[in-house]
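Every number here is computed from the coordinates shown, using simple stated rules; none is lab data. Fair warning: this is a prediction, and the values are worked out from it, not measured in the lab. Virtual Cβ from ideal backbone geometry, glycine too; neighbours counted across all protein chains shown.
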Amino acid sequence: MKESFSTQKEGQSAFDKTEENLPTPNLVFQEIIHLITDPYSSIYEIVSLISEDPALSFKTLRLVNRSESQKGENPISVKQALSVLSREEIKTLVLSTYVTSIEPEYQEVLFRHSLACACASRMIGRYLYPHKPLKLDILFTLGLLHDLGKLVIFSSQQTSANNQKNHLENNVQVPEKAKKSSNLTEIDHAEIGAKFIAKSHLSGVLYQVVRFHHLPKQASSHKESVMIIHLADYLANLLNEDPKYSSLSPTDEDCWTILGLEKTKILDYLSQLKNEFQKSEVFLRLSEAQS
């Protein structure tokens, strides 16, 4: 699936700004703020909630990567990265977050799918690495950020829409070329996400997963992790589909075999995934907030 993203000079400026404006859903942001300002909340609660938000997770990894780069360390798990930050540093990170309430339908689909993929990745990890909790945290982060490119596109489109709205409100004519999609280059969301990872000098495994989660055989390294996210992405999509009549693109058959998972047990995997997803911190808190 390809989506529009400008690569022209004007678009490059938007690309740079998008890095700071990756959006967090308003309800999630309010819940995190509530925890941070509550003196009785635990750091565990704060970390659990932040590690389930794609935008904040990416910003956390980028922030910690910058400070840890001199030591030769490069954390992949968001929970691991948050452990080196103080409560005040986490608060500053959260308060700098861009909050959005535009296009809630698209936002919810993207946000929930990313979280479901993270849960599916950790679930698969339990089969493969039952005694490696850090590996499970890493897989959760990889699954959460696999569609970073879609988040970038969403943010870029919001920025463009807001700019055009501001021009109109101030009686400034919007250039015709800015309105036409013909001036936008079609780039796959996986390519966009990978560019963001590379620009932030984050881990190679995260780059490979974001870039090749739809094409696992093309990954040049960390192939097992890429295959796990490939299957997790498929299972996350199936949460809203009937597996017997699914119109989703099929998975790479070799991934099931190489990882030692049984495709005939998809219904069992989905049942486990549903339970896992509904136990997530974000799901529980948002359910409470909306009830």
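For the residue pairs K59/K199; K59/K79; K150/K199; K91/K199, alpha carbon separations beyond 19 Å are given by K91/K199. In terms of the mean number of neighbouring beta-carbon atoms within 10 Å, the peptides 29-38, 261-270 order highest first as 29-38, 261-270. Couplings 3J(HN,Hα) of the range 110-124, computed from phi: 5, 5, 5, 5, 4, 5, 5, 5, 4, 5, 5, 5, 5, 5, 5 Hz, in residue order, whole Hz [Karplus 6.51 cos²θ - 1.76 cosθ + 1.60, θ = phi - 60°; x for Gly and Pro]. Packing, taken as the mean count of other beta carbons within 10 Å per residue, orders the peptides 81-88, 199-206 from highest to lowest as 199-206, 81-88. Summary of packing: across the peptides 118-128, 219-229, the per-residue average of other C-beta atoms within 10 Å ranks them, highest first, as 118-128, 219-229.
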